[in-house]
Amino acid sequence: MGPNETSPLTPLAQEALEALVDTIPSGGEFTYEQAYAVLAEKEDLERPAAEDIIERLYDKGHVYEVEGKLRLTDYRSE
């Protein structure tokens, strides 16, 4: 794998990302608690699973943190 390539998301992580993208306004920021609530409502994920998914999305660069709030990267425009 080259330096700019990443391994694909698992289907669950991809679905969680889509749920966040569909719920959070473009360019909007949200708290971890809001992210967990979206994943609980849209993907029926318990808190530990939601925390794991957010961590995976962060590690893979799909979300990033600014002053304690999360933001989505614009992955659909790539």
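Evaluate the relative contact order of the range 11-77 (contact order divided by residue number), counting alpha-carbon pairs under 8 angstrom at least 6 apart; express in whole percent. Don't jump to the answer; show the numbers that get you there.
On the way: 62 pairs, mean separation 23.9, N = 67.
Averaging sequence separation for qualifying contacts and normalising by length gives 36 percent for the range 11-77.
Counting each DSSP H run of 4 or more residues in the chain as -39500 (n - 2.57), what helix-only mean residue ellipticity at 222 nm follows after dividing by all residues, to the nearest 500 deg cm²/dmol?
On the way: 3 runs with 38 residues, N = 78.
Rounded to the nearest 500, it is -15500 deg cm²/dmol.
Along Cα→Cβ, 7 Å out, is where each label goes; now give me the distance between the ones at residue 7 and residue 47 in nm to one decimal.
Reported label-point gap for residue 7 and residue 47 is 2.8 nm.
Hey, with R₀ at 25 Å, roughly what FRET efficiency would residue 22 and residue 73 work out to, going by the Cβ-Cβ distance, to 0.05? Kindly include the intermediate steps, with their values, before the conclusion.
On the way: r = 15 Å, r/R0 = 0.61.
According to the calculation, E is roughly 0.95.
To make sure I understand, if each residue's beta carbon is the centre and we count other beta carbons within 10 Å, what order do 72, 39 fall in, fewest to most? All intermediate terms of the calculation are to be shown ahead of the outcome.
Numbers: 72 21, 39 25.
Fewest-to-most Cβ neighbours within 10 Å comes out as 72, 39.
Could you derive backbone 3J(HN,Hα) for the range 60-67 from the dihedral phi with the Karplus parameters 6.51, -1.76 and 1.60 (θ = phi - 60°), listing whole Hz in sequence and x where the residue is Gly or Pro?
For the range 60-67, the Karplus curve yields 8, x, 7, 10, 9, 10, 9, 6 Hz.
Read the figures in this text as sums done on the coordinates, not as results from a lab. None of these values were measured; they are calculated from a predicted model. Because the Cβ atoms are built from the backbone with ideal geometry, glycine has one as well, and the counts that use them run over all protein chains shown.
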